[in-house]
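The values are calculated or read from the model by the stated rules, or taken from the named source; none is laboratory data. Small disclaimer: the values here were computed from a predicted structure and weren't measured. Cβ: placed from backbone, ideal geometry, glycine included. Neighbour counts: every protein chain shown.
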Ligand code: BGC
């Protein structure tokens, strides 16, 4: 995947410098926390951060990477430091949620400003948008809702940050979780209103649900379609469902997140933009930290420092690393009509790190890896295909487990014999549930 190193890269770095400051909590695990985690996976509400003690068992000493969902309290965002430092070969790989969220908000705002003459479809002076929310307890989803509200000026403050609560229907502007904003473009004043926003969760409990988003846009447009000038979504799965169901035909600008291949291709048909969370860098890092730990080499090998095959990433441009939380974050890029041609294949390994490792120094190893929801568009259509490309390049024999997106036990039940594996890569259903996995490795 080629990237746009122009002004976008500069703004990416500028925002990256300001971004992400999650509160780290203390160590100090307990079995109580583990059972709370089990409750949470069974569907009972839990707000406790699960801290996981390491028992010293053989499996508890193996390399472990959490990815896509950072162990944390799903209500407060507080990081689960016990899980992040489970052993000295534990890491997290994700992307910079706040930097990407700000970028998404700016992308929408830039579009509105650049298309002021045509954007207000019914000419009522109100630029109305609707927002599809993925999961009200997921930090990426929360950050994206905030990023859009912040950029458009529709956010209201709650506990020192922008409220990310769904507004539900707000066609009259009376909702308390958002406010109307005023925007002046070319001497003309517009009102910006979040007409509606809703968590796209299906009746079985699956979040980020594309089908629910497709149905919801139908409900919204049936009652206030002429007021909708912009459609925004926390991800492309839901964004594309709304685009295909309504906005493509009605030529209403629609924005998502993830730069899935189908969404990038749809930019040619009017999908207005998405954000690449650099999945090609994330998938690489997910397996690379395991590979390095298995080989007993410096963790920076093939990451910030070139390996023998020439694989290397650019720190500050491709990713950043936070040593305290042992977390690698890929950096995001905006993908719009200006540059989408550079992003058409989301499943292609990133060229700077696409060199085969030598099997004499990096011999074949077995990895257990789960995807929290086999039906998640981003993880199944982009992330997993990338992992499958990189596992060959890194001589890793990966067993892929696809969850149902709802219950942790659906996945943990399939980690019956951890002794069969040399390393583990875990994508939790719920960020609170790290102990559901570490308790198995502790046995
Ligand atoms: C992605 C979403 C995905 C979610 C799952 C996010 O980072 O952007 O598309 O559904 O992860 O955890």
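Working only within region 351-383, note down all residues that are touching a helix residue (DSSP H, G or I) at 6+ places or on another chain (Cβ under 9 Å) and without any contact (Cβ under 8 Å) to a residue 40 or more places away in the chain. Answer for region 351-383, where residues must be touching a helix residue (DSSP H, G or I) at 6+ places or on another chain (Cβ under 9 Å) and without any contact (Cβ under 8 Å) to a residue 40 or more places away in the chain: 363, 374.
Looking only at residues of region 124-140 that are surrounded by 16 or more Cβ atoms within 10 Å (Cβ to Cβ) and farther than 22 Å from residue 219 by Cα, we find that the one that is nearest to the ligand (Cβ to nearest atom) is 140. Residues that are more than 19 Å from the chain's Cα centre (by Cα) and either outside any helix (DSSP H, G or I) or within 12 Å of the ligand (Cβ to nearest atom) (or both) within region 235-256 comprise 251, 252, 253, listed in sequence order. In region 374-385, the residue that is modelled with the highest pLDDT out of those that are within 8 Å of residue 347 (Cα to Cα) and buried (at least 24 other Cβ atoms within 10 Å of the Cβ) is 383. Counting the residues of region 384-397 that are touching a helix residue (DSSP H, G or I) at 6+ places or on another chain (Cβ under 7 Å) and within 16 Å of the ligand (Cβ to nearest atom) gives 2.
Within region 314-362, track down each residue that is on the phi > 0 side of the Ramachandran plot and surrounded by 17 or more Cβ atoms within 10 Å (Cβ to Cβ). Across region 314-362, the qualifying residue is only 326. Being in a loop (DSSP other than H, G, I, E, B), at pLDDT 95 or above and either surrounded by 21 or more Cβ atoms within 10 Å (Cβ to Cβ) or more than 19 Å from the chain's Cα centre (by Cα) (or both) is a description that applies to residue 121.
Here residue 410 meets each of (1) in contact (Cβ under 8 Å) with a residue 24 or more places away in the chain; (2) away from the ligand (no atom under 15 Å from the Cβ); (3) under 23 Å from the mean Cα position of the chain (by Cα) with one exception, condition (1).
Would you say residue 143 is in contact with a helix residue (DSSP H, G or I) (Cβ under 7 Å, 6 or more places away or on another chain), free of Cβ contacts under 8 Å to residues at least 60 places away in the same chain and within 16 Å of the ligand (Cβ to nearest atom)?
Numbers: in contact with a helix residue (DSSP H, G or I) (Cβ under 7 Å, 6 or more places away or on another chain): yes; free of Cβ contacts under 8 Å to residues at least 60 places away in the same chain: yes; within 16 Å of the ligand (Cβ to nearest atom): yes.
So residue 143 passes the test.
Applying the selection to region 81-100, what residues are part of a loop (DSSP other than H, G, I, E, B), in contact with a helix residue (DSSP H, G or I) (Cβ under 7 Å, 6 or more places away or on another chain) and at pLDDT 95 or above? Matches in region 81-100: 86, 87, 89. For region 264-306, residues that are buried (at least 23 other Cβ atoms within 10 Å of the Cβ) and part of a loop (DSSP other than H, G, I, E, B) total 6.
Could you tell me whether residue 232 is closer than 18 Å to residue 140 by Cα, touching a helix residue (DSSP H, G or I) at 6+ places or on another chain (Cβ under 7 Å) and at pLDDT 95 or above? Yes, satisfied.
Residue count for region 363-373, restricted to those that are surrounded by 17 or more Cβ atoms within 10 Å (Cβ to Cβ) and more than 15 Å from the ligand (Cβ to nearest atom): 3.
Looking at region 156-176 only, could you name the residues that are more than 16 Å from the ligand (Cβ to nearest atom) and in contact with a helix residue (DSSP H, G or I) (Cβ under 9 Å, 6 or more places away or on another chain)?
As a first pass, look at region 156-176 and keep what is more than 16 Å from the ligand (Cβ to nearest atom): 156-163, 165-176.
Within region 156-176, 156, 161, 162, 163, 165, 166, 169, 171 meet the criteria.
Scanning region 202-216 for residues that are free of Cβ contacts under 8 Å to residues at least 40 places away in the same chain and more than 12 Å from the ligand (Cβ to nearest atom) gives 202, 203, 211, 212, 214, 215.
Look at residue 261 and say whether it is surrounded by fewer than 24 Cβ atoms within 10 Å (Cβ to Cβ) and free of Cβ contacts under 8 Å to residues at least 24 places away in the same chain.
Details: surrounded by fewer than 24 Cβ atoms within 10 Å (Cβ to Cβ): yes; free of Cβ contacts under 8 Å to residues at least 24 places away in the same chain: no.
For residue 261, the condition - surrounded by fewer than 24 Cβ atoms within 10 Å (Cβ to Cβ) and free of Cβ contacts under 8 Å to residues at least 24 places away in the same chain - is not met.
Considering only residues that are touching a residue at least 24 places away in the same chain (Cβ under 8 Å) and closer than 19 Å to residue 76 by Cβ, look in region 148-180 and name the one that is surrounded by the fewest Cβ atoms within 10 Å (Cβ to Cβ). Among those residues, the one meeting the criterion is 165. The residue of region 53-80 that is nearest to the ligand (Cβ to nearest atom), among those that are in contact with a helix residue (DSSP H, G or I) (Cβ under 6 Å, 6 or more places away or on another chain) and over 26 Å from residue 208 (Cα atoms), is 63.
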